[in-house]
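Undergrad: Below is the structure I would like to discuss, written out as structure tokens.
The values are calculated or read from the model by the stated rules, or taken from the named source; none is laboratory data. Keep in mind that what you see is a predicted model, and the values were worked out from it rather than measured. Cβ coordinates were reconstructed from backbone atoms using ideal geometry, including for glycine residues, and neighbour counts include every protein chain displayed.
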Amino acid sequence: MDGFLYKFLGGTGFVNATPGHLVMLLVGCTFIYLAIRKHYEPLLLIPIGFGILIANIPLPPGFQLISKEFMAGTAGPTTVMDYLYMGVLKGFYPPLIFLGIGALTDFSSLIANPRLVLLGAAAQFGIFATLAGALWLGFSPAEAASIGIIGGADGPTSIFLASRLAPHLIAPVAIAAYSYMALVPVIQPPVMYLLTTKKERQIKMPPAKSASRLERILFPIASFLICTLIAPGAVILLGMLFFGNLLKESGVTDRLSNTAKSAFIDTVTILLGVSVGASASAETFLNPQSLKIFALGAASFAVATAAGVLFAKAMNLFTRNKINPLIGAAGVSAVPDSARVAQMVGAREDPTNFLLMHAMGPNVAGVIGSAIAAGVLWSLLGGG
């Protein structure tokens, strides 16, 4: 009897817990706190945060939540969580998320003011600046590209590219990308204030014209063809994004559109969030490499924000209709949080200034831009 009791006690989490487990359990609880208390991306942080809790319950010797061989790509799935994590490792979940995003997205602001696509493109500078920083820190080109895409502020795209180029980095890349997406209201305002004057923050932009139904239908078709002919590697992500948008705008597939933007994307988000969190065990996450990725991710968001703001200011040198440079910060593809931050900062200077719809233009352009950047990097460094 004493032997069974000793064996039972030896298998409990209290006995097998390490300081690393406690740190990661605290991280998971912090994610859940930020989601509930601060409303920072709750649909993402709660599944990821609870997944981190699942991953860091100390297991008895010989037990595995996600098998290390499967995560390394040297063996097939063996555990239940392996099968759920397969959607992350094999890149299934991100295109499905993009389908739902497309069905949720209104491109009217971008259609009405096409020049705003330049702000979305400018903000992607954060990707390539981070890539250069990762190379400087000693990461391989494929690893650096997977880390650099964090600068696009697009979690699904980050996971997709990492799954193609550096599967062993999916956990820290995904956690960093989603963490900083949630912290957009914290990271972006200081950069926006630093780079703009009070007068610039008070610039009012005229109401944008509305897009016709024909324009909204043609936009996803034309944009898909143009973007994927430029960057064929982005065909999977952009194909699902624009397909979802066409379901929304066609007016004849409401059942499919409503499913894609509700139950479907919610289901995939749950699976993606919990799977990503469950991959962030203390053994695989608390190491110098992951800390470097987190530092680079924070820098990438700041650089991307700065690039968008500065490019908007540069555009004002050559245009009569001035752009409020705050909307340049929305060029990162954290939809719609970056657009809301632009509105929030602008409203502090002038409560009658409504920037949200203008900011949505570069915001959705950032989604397209980050997907194109991922496609280009995949084509150059990984192939099919």
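Undergrad: So, in segment 10-46, exactly how many residues are small (Gly, Ala, Ser) and free of Cβ contacts under 8 Å to residues at least 12 places away in the same chain?
TA: Residues of segment 10-46 that are small (Gly, Ala, Ser), as a first pass: 10-11, 13, 17, 20, 28, 35.
After this cut, where a residue has to be free of Cβ contacts under 8 Å to residues at least 12 places away in the same chain as well, the list is none.
Qualifying residue count, segment 10-46: 0.
Undergrad: Out of the residues in segment 253-272 that are β-branched (Val, Ile, Thr) and closer than 29 Å to residue 143 by Cβ, which is surrounded by the most Cβ atoms within 10 Å (Cβ to Cβ)? Explain how you work it out, then say what you get.
TA: Initially, segment 253-272 is screened for residues β-branched (Val, Ile, Thr), giving 253, 259, 265, 267-270.
This time we only want the ones that are closer than 29 Å to residue 143 by Cβ, so: 268-270.
On the way: 268: 21, 269: 19, 270: 15.
Restricting to residues being β-branched (Val, Ile, Thr) and closer than 29 Å to residue 143 by Cβ, the top hit is 268.
Undergrad: Right, residue 243: touching a Leu at 6+ places or on another chain (Cβ under 9 Å), modelled with pLDDT of 95 or more and within 20 Å of residue 121 (Cα to Cα) or not? Spell out how you get there, then give the answer.
TA: Working: touching a Leu at 6+ places or on another chain (Cβ under 9 Å): yes; modelled with pLDDT of 95 or more: yes; within 20 Å of residue 121 (Cα to Cα): no.
Answer is no for this residue.
Undergrad: Within segment 191-210, can you find the residues that are in a helix (DSSP H, G or I), more than 14 Å from residue 348 (Cβ to Cβ) and in contact with a Leu (Cβ under 9 Å, 6 or more places away or on another chain)?
TA: Selection gives 195 alone.
Undergrad: What number goes with the only condition from (1) of a type in the set (A, V, I, L, M, F, W, C); (2) at pLDDT 90 or above; (3) closer than 15 Å to residue 289 by Cα that residue 174 does not pass?
TA: Looking at each condition in turn, residue 174 falls short on (2).
Undergrad: Shifting gears a bit: Evaluate the following for residue 187: is it in a helix (DSSP H, G or I), buried (at least 17 other Cβ atoms within 10 Å of the Cβ) and of a type outside the set (Gly, Ala, Ser)? Outline the logic, then answer.
TA: Working: in a helix (DSSP H, G or I): yes; buried (at least 17 other Cβ atoms within 10 Å of the Cβ): yes; of a type outside the set (Gly, Ala, Ser): yes.
Against the criterion (in a helix (DSSP H, G or I), buried (at least 17 other Cβ atoms within 10 Å of the Cβ) and of a type outside the set (Gly, Ala, Ser)), residue 187 qualifies.
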